[in-house]
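Peer 1: One structure, pasted below without further comment.
The values are calculated or read from the model by the stated rules, or taken from the named source; none is laboratory data. Quick caveat, the model's predicted, so the values are computed rather than measured. FYI the Cβ positions are ideal-geometry reconstructions off the backbone, even for glycines, and counts take in every protein chain you see. Protein only, heavy atoms only, side chains kept; ligands, DNA and RNA dropped before computing areas. Shrake-Rupley method; radii C 1.70, N 1.55, O 1.52, S 1.80 Å.
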Amino acid sequence: MRWVPILALVAVGTMINYLDRTVLGIAAPFLTKDLGLTATEMGLVFSAFSWSYALLQIPGGIFLDRFGTRVTYFIAVVFWSLFTALMAAARSLNGLIVTRIGVGIFEAPCFPANSRVLATWFPQHERARANAIYSFGQYVGLGFLSVPLFWITQHFGWRGLFVVVGTLGVAFGFAWWRLYRNPADSASVSQAELNYIEAGGGGEYRGEPTRFKWRHIGMLLGKRQILGASIGQFGGNSTQVFFVTWFPTYLVTARGMTFIQAGYMTSLPYIGASIGVLIGGWISDTILKRTGSPNLARKLPIVSGMLLASTITAANYVPADNNAAVILIMSIAFFGQGMTNLGWTVVSDVAPKKLIGLSAGIFNFSANLAGIVTPLVIGIAFQLSGSFVGPLVYVGVVALIGAFAYSVVLGDIHRLEVET
């Protein structure tokens, strides 16, 4: 049960989650022209998603701890998909910002919920692979769907693109409600599987739902495991944010590609990231089985991925007529970023069972500050300089900061015990 249908549902839900974030980047070249937006204004629209997404991480985690995974995920996916579809009706900068804020509000509990699923349905030695599989869905889905999405945009307009993607998400929300259950509520899971999960450190907290107290936030941030992972993921997420927002525009404006060429080229780094996710998960669980060391098993792939992500800066030194080399560099960088998705496995390993939602919310809040900062930095720098040189240097530097946080600040990886 933990692999199918549970993890399969999470993988599809995560793919739709990222699809709804990314469609704006695909629509941006047409949308910008149609609505007459400047590069700074477009950076503002890209950033708007992360204002609400980051700010609602902690409230979303509190809601998740209170009402559980099934209810939280259902509400989230249906309403973020409706706001995605509503973007088709936007006629101005303000309309785009409002709808993107709506998408961010309801996507906020998704990854904390994923982390809760990992912690409750999977023993520790399977979590990296489980994380890799659902994260693979987010990248490979975008990798292989990029060309059809660009085709839809070119033939039905950017408004049609938002309607199609939003409708898909609403349909999935009802499939989730029908199929997902927690381990204790599932009529299909065997006692043998439940025993196996719990023997490996999984299983759900069965006490009374934890009522939020403000001191819980300070208590968790006082743990270097939560703080180090949060800072580290800010660095890794900056690379991802570039690809989700400005990458198609970079290919069209800075590299001189046509819109359809950009569609094909966009898919390659996403495929690279999907391979990075799988390899990172496989390496991590393999090292854990052979050494019994969560520190080595989790940190080595993540830090290696951060270092690879920092190579994105090398694209600045590629001649204008060598787009193949640029795509290779971008694919290597995004491959490395894919490996950093193991950060979610770290959170599943260290979060107190009573406060998994809040722990994951703090982690994702910190990580998604990159979603606020990075699009704005890129948009402003590009408008001022007319170049992507500075933005790519910025993305590479914060990836190195992330590598330092995971290798030095994080400390020992173990399940935290806290008083609530």
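Peer 1: Can you figure out the FRET efficiency of Glu419 with Ala8, using R₀ = 56 Å and their beta-carbon distance, to the nearest 0.05? List each step's numbers first, then the result.
Peer 2: Numbers: r = 37 Å, r/R0 = 0.66.
Rounded to the nearest 0.05, the efficiency is 0.90.
Peer 1: Placing one identical point scatterer on every Cα of the range 33-172 and ignoring solvent, what is log10 I(q)/I(0) from the Debye formula at q = 0.14, 0.20 Å⁻¹?
Peer 2: Rounded to two decimals, the profile gives -0.76, -1.31.
Peer 1: Given the options Phe365, Phe334, Phe63, which has the most mean-square fluctuation in a GNM of the chain, springs set between C-alpha atoms less than 10 angstrom apart?
Peer 2: Phe63
Peer 1: For Leu416, list long-range residues whose amide hydrogen, built 1.01 Å from N in the peptide plane, is under 5 Å from its own amide hydrogen.
Peer 2: When sequence neighbours closer than 5 places are left aside, the close amide H contacts are Ala351.
Peer 1: If you line up the long axis of helix 356-367 against the longest principal axis of the chain, both from Cα atoms, how many degrees apart are they, to the nearest 10?
Peer 2: Tilt of helix 356-367: around 30 degrees.
Peer 1: Specify the residue with the greatest mean-square fluctuation among Gly235, Gly202, Gly68, computed from a Gaussian network of the chain linking alpha-carbon atoms under 10 Å apart.
Peer 2: Gly68
Peer 1: Over the range 100-189, average the accessible area per residue using a 1.4 Å probe and give it in Å², no decimals. Walk me through the numbers on the way to the answer.
Peer 2: Values: 3080 Å² over 90 residues.
Solvent-accessible surface per residue comes out at 34 Å².
Peer 1: Show me, for the range 323-328, the HN-Hα J-couplings you get by feeding each phi into the Karplus relation (A = 6.51, B = -1.76, C = 1.60, θ = phi - 60°), rounded to Hz, glycine and proline as x.
Peer 2: Couplings: 5, 4, 5, 4, 5, 4 Hz.
Peer 1: Towards the positive end of the charge dipole of the chain, with charges on Cβ (+1 Lys, Arg; -1 Asp, Glu), say which of Val147, Val252, Ala113 has the farthest Cα.
Peer 2: Of the listed residues, the answer is Ala113.
Peer 1: Now, a different point. What figure, in Å² to the nearest 10, do you get for the accessible area of Thr167 with a 1.4 Å probe and non-protein molecules left out?
Peer 2: 90
Peer 1: Something else about it: About the Cα centre of the range 258-353, what is the dipole size in debye to 20, counting +1 per Lys and Arg Cβ and -1 per Asp and Glu Cβ, all else neutral?
Peer 2: On the way: 5 positive and 3 negative charges, 84 e Å.
That gives the range 258-353 a dipole magnitude of about 400 debye.
Peer 1: Using the Karplus curve 6.51 cos²θ - 1.76 cosθ + 1.60 with θ = phi - 60°, what ³J(HN,Hα) values do you get for each residue of the range 371-381, in whole Hz, with x for Gly and Pro?
Peer 2: x, 7, 6, 4, x, 5, 4, 5, x, 5, 5
Peer 1: Please compute the net charge surrounding Ser230, taking Lys and Arg as +1 and Asp and Glu as -1 over other residues with Cβ under 13 Å from its Cβ. Mind showing how you got there, number by number?
Peer 2: Details: positive: Lys223, Arg224; negative: none.
Taking every other residue near Ser230 into account, the sum is +2.
Peer 1: Just want to confirm a number: the relative contact order over the chain, from Cα pairs under 8 angstrom separated by 6+ residues, in percent.
Peer 2: 28
Peer 1: Using each residue's phi in the range 111-124, evaluate 6.51 cos²θ - 1.76 cosθ + 1.60 at θ = phi - 60° and report the 3J(HN,Hα) Karplus result to the nearest Hz, with x for Gly and Pro.
Peer 2: With the stated coefficients, the range 111-124 comes to 6, x, 5, 4, 5, 5, 4, 4, 5, 9, 9, 10, x, 4 Hz.
Peer 1: For a quick check, take a GNM of the chain with Cα springs below 10 Å and name the residue from Phe144, Phe259, Phe67 with the largest mean-square fluctuation.
Peer 2: Result: Phe67 has the largest fluctuation of those listed.
Peer 1: Could you tell me how many degrees, from 0 to 90 and to the nearest 10, lie between the Cα long axis of helix 389-404 and the main elongation axis, the longest principal axis, of the Cα atoms of the chain?
Peer 2: Approximately 10 degrees, to the nearest 10.
Peer 1: Output the direction-averaged projected area (hull surface divided by four) of the convex hull of the alpha-carbon atoms of the chain, in nm².
Peer 2: Result: 18.2 nm².
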